[in-house]
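Novice: Attaching a single structure in structure tokens format; questions to follow.
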Amino acid sequence: MGDNGFHAGFACFVGRPNAGKSTLTNAIMGQKIAITSNRPQTTRHVVRAILHRPASQLILVDTPGLHRPRTLLGERLNDLVRQTWSEVDVIGLCLPANEKPGPGDKFIANEIQSLRAKVVAVVTKIDLVSKDHLVRHLANVAELADFADVVPVSAKTGENLDALVDVLSGHLPESPQLYPDGMITEEPERVMMAELIREAALEGVRDELPHSIAVVIEDVEDEQSDGGPRKKIWAEIYVERSSQKGIIIGKRGERLKRVGTKARKGIAQLLDSRVYLDLHVRVAKDWQRDPKMLERLGF
């Protein structure tokens, strides 16, 4: 395919942790591509979601939230964010409608102004505020920086999502398709499986635990069972202390069982296959600060 007025390129949602970036990516795609949680810094990988339209191909790059790092893992995630920023065509700065723009938002807005990418302010979670509040909030957001556009959206209700895609696509360069038709992500299956397990493990855990949880898929095999063919998956959930292992497993293993049930459903949908999931919890002391362990865990 030649150019012929076709536009293709990369867009990245940035913002403070928990600004709704992953939820927005999933809403635009109409399916789960990135895991979500109400815990800050849930996203740890750069996830590329590919949206095909008749006149454009928009590759949405979901990144971790920029934050003040306290560990080697935190430093590496911030490096990943900044590298991604430097490579995309358009950046959507996510600013929740129900929170005043703060110093963290101003810091990120200033950082991305010097990049080559066009910057669009994306005001998220507009379903949580009144119309009057939103009007005032949009005016405050417009004063933060010299944005190419300001777009209010709700990932929950779908309001203005098409308008946001139009705006982002309008800032992409003329280009042939970058990915084949039908491809919706380039994320490896094993990474997505591990992320679905981590999402299930994050549900309902204490504040200090989310950063301490990592997941590795050890092996995947095709097997025949009484119900027909299925995937057998062995996975390890890593935590940093023995006390955290007890929290993940729960009383008589009930919590780990719930994690396995939820994760298995998500993985079965991802693979379009029946799944047997074998989960174990391991302790890797202070893995977020251990370069060798970070490498083993994919960071």
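Novice: Pairs please, first residue from region 17-30 and assigned by TED's automatic domain parsing to the domain that holds L161, second anywhere and part of a helix (DSSP H, G or I) and of a type outside the set (K, R), Cβ atoms under 7 Å, 6+ apart in sequence or on different chains.
Specialist: Pairs that qualify, where the first residue is assigned by TED's automatic domain parsing to the domain that holds L161 and the partner is part of a helix (DSSP H, G or I) and of a type outside the set (K, R), are A27/L161; I28/L161; I28/V165.
Novice: Could you say whether any residue in region 175-195 is at pLDDT below 95 and in a strand (DSSP E or B)? Spell out the reasoning first.
Specialist: Pass one, region 175-195, residues at pLDDT below 95: 175-195.
Of the ones still in play, those that are also in a strand (DSSP E or B) are 185.
Yes, because at least one residue in region 175-195 is at pLDDT below 95 and in a strand (DSSP E or B).
Novice: Which of the residues that make up region 152-165 are over 15 Å from C12 (Cβ atoms), out of contact with any Ser or Thr (no Cβ under 9 Å at 6 or more places or on another chain) and not polar (S, T, N, Q)?
Specialist: Kept after step one, since they are over 15 Å from C12 (Cβ atoms), are these residues of region 152-165: 152-163.
Still in the list and also out of contact with any Ser or Thr (no Cβ under 9 Å at 6 or more places or on another chain): 157-159, 162-163.
Scanning region 152-165 gives G158, E159, D162, A163.
Novice: On the basis of being in contact with a Lys or Arg (Cβ under 7 Å, 6 or more places away or on another chain) and within 19 Å of G20 (Cβ to Cβ), does D149 make the cut?
Specialist: Numbers: in contact with a Lys or Arg (Cβ under 7 Å, 6 or more places away or on another chain): no; within 19 Å of G20 (Cβ to Cβ): yes.
In short, no.
Novice: Inspect all residues belonging to region 258-275 and state whether any of them is modelled with pLDDT of 90 or more, part of a helix (DSSP H, G or I) and polar (S, T, N, Q).
Specialist: Yes, the conditions are met somewhere in region 258-275.
Novice: Among (1) buried (at least 20 other Cβ atoms within 10 Å of the Cβ); (2) in contact (Cβ under 8 Å) with a residue 60 or more places away in the chain; (3) out of contact with any Asp or Glu (no Cβ under 6 Å at 6 or more places or on another chain); (4) among the aliphatic types (A, V, I, L, M), there is one condition V151 misses while meeting the rest; what is its number?
Specialist: V151 satisfies every listed condition except (2).
Novice: On to the next question. Under 8 Å between Cβ atoms, at least 6 apart or on separate chains: pull out the pairs that start in region 99-110 with a residue that is surrounded by 11 or more Cβ atoms within 10 Å (Cβ to Cβ) and end on any residue that is modelled with pLDDT under 90 and not in a loop (DSSP other than H, G, I, E, B).
Specialist: I108/V14
Novice: Mind telling me which of the residues R274, R282, R289 ends up being within 30 Å of M183 (Cα to Cα) and not acidic (D, E)?
Specialist: R274
Novice: If I ask for residues that are over 27 Å from P173 (Cα atoms) and among the charged types (D, E, K, R), which ones from region 58-104 would you list?
Specialist: R68, R70, E75, R76, E99, K100 - these are the residues of region 58-104 that are over 27 Å from P173 (Cα atoms) and among the charged types (D, E, K, R).
Novice: Residue check, P210 against (1) exposed (fewer than 13 other Cβ atoms within 10 Å of the Cβ); (2) modelled with pLDDT under 80; (3) within 28 Å of I247 (Cα to Cα), all met but one. Which one?
Specialist: Condition not satisfied by P210: (1).
Novice: Name the pairs: first residue in region 275-293 and within 22 Å of R255 (Cβ to Cβ), second residue aromatic (F, W, Y), Cβ to Cβ under 7 Å, at least 6 apart or on different chains?
Specialist: Partner pairs satisfying both residue conditions: D278/W234; R282/Y238; A284/Y238; W287/Y238.
Novice: OK, next. Looking at L73, L128, L60 in this structure, which one is within 24 Å of F6 (Cα to Cα) and either among the β-branched types (V, I, T) or out of contact with any Pro (no Cβ under 6 Å at 6 or more places or on another chain) (or both)?
Specialist: Values: L73 fails: within 24 Å of F6 (Cα to Cα); L128 fails: within 24 Å of F6 (Cα to Cα).
Step by step, each of L73, L128, L60 is checked, and only L60 is within 24 Å of F6 (Cα to Cα) and either among the β-branched types (V, I, T) or out of contact with any Pro (no Cβ under 6 Å at 6 or more places or on another chain) (or both).
Novice: Let me ask you something else. For region 280-290, indicate whether the set of residues that are on the phi > 0 side of the Ramachandran plot, not aliphatic (A, V, I, L, M) and not assigned by TED's automatic domain parsing to the domain that holds I50 is non-empty.
Specialist: Yes; the residues of region 280-290 include at least one that is on the phi > 0 side of the Ramachandran plot, not aliphatic (A, V, I, L, M) and not assigned by TED's automatic domain parsing to the domain that holds I50.
Novice: Ok, one more. Which residues, taken from region 98-114, are closer than 23 Å to R136 by Cβ and not in a loop (DSSP other than H, G, I, E, B)?
Specialist: Let us first name the residues in region 98-114 that are closer than 23 Å to R136 by Cβ, namely 98-110.
Passing the criteria: P103, G104, D105, K106, F107, I108, A109, N110.
Novice: Report, by residue number, each residue of region 115-144 that is more than 24 Å from the chain's Cα centre (by Cα), part of a helix (DSSP H, G or I) and charged (D, E, K, R).
Specialist: Correct list: K131, D132, R136.
The values are calculated or read from the model by the stated rules, or taken from the named source; none is laboratory data. Model, not experiment: these values are computed from the prediction. Cβ atoms come from the backbone with ideal geometry, glycine included; neighbour counts cover every protein chain shown.
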